[in-house]
Amino acid sequence: MIMPMKILEENLNKKVSLLLKDNRILEGILTGYDEYMNMVMDSVDEIGNDVNKKLGTVIIRGSNVVRISPA
Amino acid sequence: MIMPMKILEENLNKKVSLLLKDNRILEGILTGYDEYMNMVMDSVDEIGNDVNKKLGTVIIRGSNVVRISPA
Amino acid sequence: MIMPMKILEENLNKKVSLLLKDNRILEGILTGYDEYMNMVMDSVDEIGNDVNKKLGTVIIRGSNVVRISPA
Amino acid sequence: MIMPMKILEENLNKKVSLLLKDNRILEGILTGYDEYMNMVMDSVDEIGNDVNKKLGTVIIRGSNVVRISPA
Amino acid sequence: MIMPMKILEENLNKKVSLLLKDNRILEGILTGYDEYMNMVMDSVDEIGNDVNKKLGTVIIRGSNVVRISPA
Amino acid sequence: MIMPMKILEENLNKKVSLLLKDNRILEGILTGYDEYMNMVMDSVDEIGNDVNKKLGTVIIRGSNVVRISPA
Amino acid sequence: MIMPMKILEENLNKKVSLLLKDNRILEGILTGYDEYMNMVMDSVDEIGNDVNKKLGTVIIRGSNVVRISPA
């Protein structure tokens, strides 16, 4: 039995892929999170519906997150 | 009377199918969950509206989940 | 005066029909529930917008439920 | 000053009309409710966008309710 | 500084107009409310997108309310 | 460091512009608010998608608010 | 491990870009926030779907925020 928060911890400082409710995907290094699954990522590439962006550091509100996976 | 959380426990380390609010289906091994129905799955195949993906390990936020069934 | 949870209790191990927010209908035997109206059903037939499925055992998150009725 | 819950109490065992967020209307006898405005109705006629149904007893989750009025 | 609840109190037994999230407007006499902004109105005219209705007494769940104004 | 509630306080009895989730804009004098960002405005002009309205006093439920700015 | 709130603190009085759920982007100086991620920004440029606006000071309700990044 692995707690979801434990997987976040194991992926600290590693590259993850984050799917948001609006279908955006953010790929970057997971550098932090809190108990609401608010997250901090570095070196972020955002893959949107129309356009991709380089974003650097990003804070994501947890309520927008669908799934997180190691990238 | 079977509690929903008890069914999750019985399906630990087994293959489950998870329907998300955006109509995605994730199939994989359920390796963990918490009291918010946040889940961890391994060896995940994502069956989306347009495209399928192999995702490996995935954390899913419980608020996106519609139903879970043994696969 | 009948409490909603009392009706759930009376329908344990009986066939119910469950309408979800995305318009899916799940029909099956109600085998469990909790205080959030998360539910467990067995021998489930899912009647979707496009396609029907046999699902066996299913956990449904209460936040997706619109109405429950004996079937 | 009349509390909303008091009006529910006054309509117990009377016919009410219930508008849901998805535009369905449920008409039937209000036989119960709880503090979340989850409700129990008997002899329910459901008036949907496309089709009407006879439903008998129904539990409705309060979070789907827009308005309740004596019918 | 006027608290929003104070304005509700001042409009008790007066005609108000209530805009709901689904764009319906309910006009009628405000006869009650609670701390969740659930409301009771009497002699209600509902002005919908397609059709108007006379509704008499209505309970409105606060979570559907956008704005309230004296009518 | 300025707390959001402090800015509301500074704008009491001044003209503000309020954007709602349904894209309506309300312009008027901010006369009150509470800790949920429920607000009271006077002399309100509502700028909707199709039509503008003069509304006088308005209570706005905070959950519908996107942003507030001095007007 | 960096907490999301710590990143907000580090960006106080710096230019940030804020993506909202309705796809608007607000760019301006972050001058404050609270524990709900309600935010205060100064010298805000709003980049909407159809039109851009100069907004000056803005309070943003946290529940509308998708992501924040240094701009």
In segment F:57-69, what residues are closer than 21 Å to E:L8 by Cβ and either among the hydroxyl-bearing types (S, T, Y) or exposed (fewer than 14 other Cβ atoms within 10 Å of the Cβ) (or both)?
F:T57, F:S63
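Here's the yes/no breakdown for (1) acidic (D, E); (2) under 10 Å from the mean Cα position of the chain (by Cα); (3) at pLDDT below 95:
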residue: E:N11; (1), (2), (3): no, no, no
residue: E:K14; (1), (2), (3): no, no, no
residue: E:L30; (1), (2), (3): no, yes, no
residue: E:M39; (1), (2), (3): no, yes, no
residue: E:V44; (1), (2), (3): no, yes, no
residue: E:K53; (1), (2), (3): no, no, yes
residue: E:G62; (1), (2), (3): no, yes, no
residue: E:S69; (1), (2), (3): no, yes, no
If I ask for residues that are in a strand (DSSP E or B) and of a type outside the set (G, A, S), which ones from segment C:15-31 would you list?
C:K15, C:V16, C:L18, C:L19, C:L20, C:I25, C:L26, C:E27, C:I29, C:L30, C:T31
So in segment B:1-14, with the set limited to residues that are part of a loop (DSSP other than H, G, I, E, B), more than 9 Å from chain C (Cβ to nearest Cβ) and not polar (S, T, N, Q), which one is surrounded by the fewest Cβ atoms within 10 Å (Cβ to Cβ)?
B:K14
Within segment G:32-56, the count of residues that are open to solvent by less than 10 Å² (accessible area, probe 1.4 Å) and part of a strand (DSSP E or B) comes to 6
If you check every pair at least six apart or on different chains, which have Cβ atoms under 6 Å apart with a residue in segment E:48-67 that is at the interface with chain D (Cβ under 10 Å from one of its Cβ atoms) first and a residue that is part of a helix (DSSP H, G or I) and not β-branched (V, I, T) second?
E:I59/D:P4
Evaluate the following for G:E27: is it touching a strand residue (DSSP E or B) at 6+ places or on another chain (Cβ under 7 Å) and over 22 Å from A:G28 (Cβ atoms)?
no
Pairs needed: first member in segment F:15-41, facing another protein chain (nearest Cβ under 8 Å) and small (G, A, S); second member anywhere, open to solvent by less than 10 Å² (accessible area, probe 1.4 Å) and assigned to a strand (DSSP E or B); C-beta distance under 6 Å; at least 6 residues apart or different chains.
F:G32/F:V40
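The values are calculated or read from the model by the stated rules, or taken from the named source; none is laboratory data. Just so we're clear, the structure is a prediction, and the values are computed from it rather than from any experiment. Note that we place each Cβ from the backbone using ideal geometry, even for glycine, and neighbour counts take in every protein chain shown. Accessible surface is based on the protein model in full, side chains and every heavy atom, while ligands, DNA and RNA are left aside. Shrake-Rupley method; radii C 1.70, N 1.55, O 1.52, S 1.80 Å.
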